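In what follows, a single structure is set out as structure tokens and then discussed.
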Amino acid sequence: MELKEQLSGVPGMLRPFKGFLRNAGLNAGDQVVYYGCPGTCTPFIELLGFAVRDLPIEQVYVPYVNESDAKVIRPVEGVGMQVSTESARKVEPKVIVLMGGLSMPGVPITKEAVQKVVATHPKAMVAGVCFMQMFEKMGWVETFDFNILIDASIDPVRVWQ
């Protein structure tokens, strides 16, 4: 995998994601399934989902890799995209989106568990979205065959009081 471009800010994360999905050959109703940590990954998943809200796809959130707990991501008028309480009828991703929080130390999921779930969807494309080189630091770049990897940075964080 080679570095294609370097962008900045929130649009720098969202535009390549949207471009990837636009060019992925998805049909109406195809699923984009995000696997991530409850709480920490969900706001970023909702942001990514908002960026592609105009595509005729179904978006689903899976906490960690617990597909039996999958929830539909829906638009909420005046708010954006949100993970709903509605369970997904099925999990059949055309695109798997692995969030970087899954690779962080202390998360109750292993790389092997993620590999196992990804392997159950052999025809799905795999996208990765992480921050601060987390997939590189944890050896996921060599482990997963990413079709696209978006690595954003939130450094420095500045605080005024």
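Does V60 count as outside any strand (DSSP E or B), surrounded by 15 or more Cβ atoms within 10 Å (Cβ to Cβ), modelled with pLDDT of 95 or more and of a type outside the set (G, A, S)? Against the criterion (outside any strand (DSSP E or B), surrounded by 15 or more Cβ atoms within 10 Å (Cβ to Cβ), modelled with pLDDT of 95 or more and of a type outside the set (G, A, S)), V60 does not qualify. Pairing residues of the stretch 59-85 that are on the phi > 0 side of the Ramachandran plot with residues that are at pLDDT 95 or above and of a type in the set (D, E), at Cβ distances under 8 Å and at least 6 apart in sequence or on separate chains, gives G80/E46.
Looking only at residues in the stretch 37-51 that are in contact (Cβ under 8 Å) with a residue 12 or more places away in the chain and among the small types (G, A, S), which one is farthest from E67 (Cα to Cα)? The selected residue is A51. Name the residues in the stretch 83-100 that are assigned to a strand (DSSP E or B), surrounded by fewer than 18 Cβ atoms within 10 Å (Cβ to Cβ) and not hydroxyl-bearing (S, T, Y), would you? Answer for the stretch 83-100, where residues must be assigned to a strand (DSSP E or B), surrounded by fewer than 18 Cβ atoms within 10 Å (Cβ to Cβ) and not hydroxyl-bearing (S, T, Y): just E86. Among the residues of the stretch 1-43, those identified as part of a strand (DSSP E or B) and either within 11 Å of the chain's Cα centre (by Cα) or at pLDDT below 95 (or both) are V32, V33, Y34, Y35, G36. Applying a threshold of 6 Å to beta carbon distances and a minimum spacing of six or more residues, or different chains, the list of pairs starting in the stretch 16-34 at a residue that is under 12 Å from R53 (Cα atoms) and ending at one that is at pLDDT below 95 is empty.
For the structure I just gave you, tell me whether T42 is crowded, with 18+ Cβ neighbours inside 10 Å and under 25 Å from P108 (Cα atoms). The answer is yes for T42.
The values are calculated or read from the model by the stated rules, or taken from the named source; none is laboratory data. Since we're looking at a predicted model, the values are computed, not measured. Neighbour counts are summed over all protein chains in view; Cβ atoms, including those assigned to glycine, are modelled from backbone coordinates with ideal geometry.
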